[in-house]
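Beneath this line is the structure, given in structure tokens, with notes to follow.
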Amino acid sequence: MRWFRFGSGRQQTGQDPARQQDLYRELRERFGPHVPGRFTDQADQAVALLDGDDGIVVAAIVLREFADAAFAATAGQGFQVDRRDYRWAWQGAGPRLRSPLAGGPGFPLHPYVHVAAAVTVIARQAGRLVKVTDPQPVLAHVLEILDLITASWEYGRVVPDVDTANLGSAAIDAAREIRGAMSDAPPLPSGIREQMRRNNTVDVWDPAANRIVGGFNPGKAMREALLA
């Protein structure tokens, strides 16, 4: 575990690194695909676990760890990848590129449980986030995950399912809240700006019901959230 690389750079009185390690360990052990139950229900319970400043720090850690693993899994498939703009990888590889959201070896964190909980925690406590840790890398990781999701739909012919659409929507909410809490939010990365120019509504598939259950226009959602 690369725990002590997690240092926030804004260590505040009241933060407890030992408790953060315990929260991170409990998050992985109590929740995930190895546990019976719906991912959304587990994510809701995990949000409750990540309470207070230590929970915010752990949520930021989860986003960074998952973003790093997703990039490594994408680049490891032999295609040229720019993690600041996943569009190029999906355009070049198309359906030959396997989405890292499928998980597998090297992914100790589950996108629809651990990551979904982390983005929810960050969205709800963005005002506190900017006080307990540097928000810029957290925002970068949220946008990176969002770009990976939406680019796979747009250019990689990945089928949007309910869990991925929920994660994408939650990431948009988190990005909006972080940017709103920052005194000087950085420019949006090129991949996100490109997605915001799109106006395509994707059909959202529910594997459990074996049918389309709705639609999601990520470009429109991002424009409304991030350009307000």
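The values are calculated or read from the model by the stated rules, or taken from the named source; none is laboratory data. Bear in mind the structure is a predicted one, so any value in this text is a computation, not a measurement. With ideal geometry, Cβ positions are generated from the backbone for all residues, glycine too; neighbour counts draw on all protein chains shown. Keep in mind that these areas ignore ligands, DNA and RNA; they rest on the heavy atoms of the full protein, side chains included. Shrake-Rupley method; radii C 1.70, N 1.55, O 1.52, S 1.80 Å.
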### Message
Run lengths n ≥ 4 of DSSP H only: what is the helix-derived mean residue ellipticity at 222 nm for the chain, with -39500 (n - 2.57) per run over all residues, to the nearest 500?
### Response
-18000 deg cm²/dmol
#### Entry: Carbon plus sulfur fraction of accessible area for the chain, probe 1.4 Å, in percent
49
### Query
What whole number of Å gives the distance from the Cα centroid of region 151-228 to the Cα centroid of region 31-75?
19
### Query
Could you give the accessible area per residue of the chain, probe 1.4 Å, as a whole number in Å²?
47
#### Entry: Most mobile listed residue (Ser152, Ser99, Ser183) in the chain, GNM with C-alpha springs under 10 Å
Ser183
#### Entry: Highest average packing first - 137-147, 31-41, Cβ atoms within 10 Å
137-147, 31-41
#### Entry: DSSP H segments from the chain that extend 27 Å or more along their own axis, Cα-based, with Kyte-Doolittle mean of 1.0 or above
52-75
### More than 29 angstrom apart: percent of Cα pairs within the chain
23
### Query
Which residue, chosen from Val138, His114, Trp88, occupies the Cα position most advanced towards the positive end of the dipole of the chain, where the dipole is computed from +1 (Lys, Arg) and -1 (Asp, Glu) charges on Cβ about the Cα centre?
Trp88
### Message
Treating only the Cβ of Lys, Arg, Asp and Glu as charged (+1, +1, -1, -1), what charge dipole size does the chain show about its Cα centre? Round to the nearest 20 debye.
### Response
460
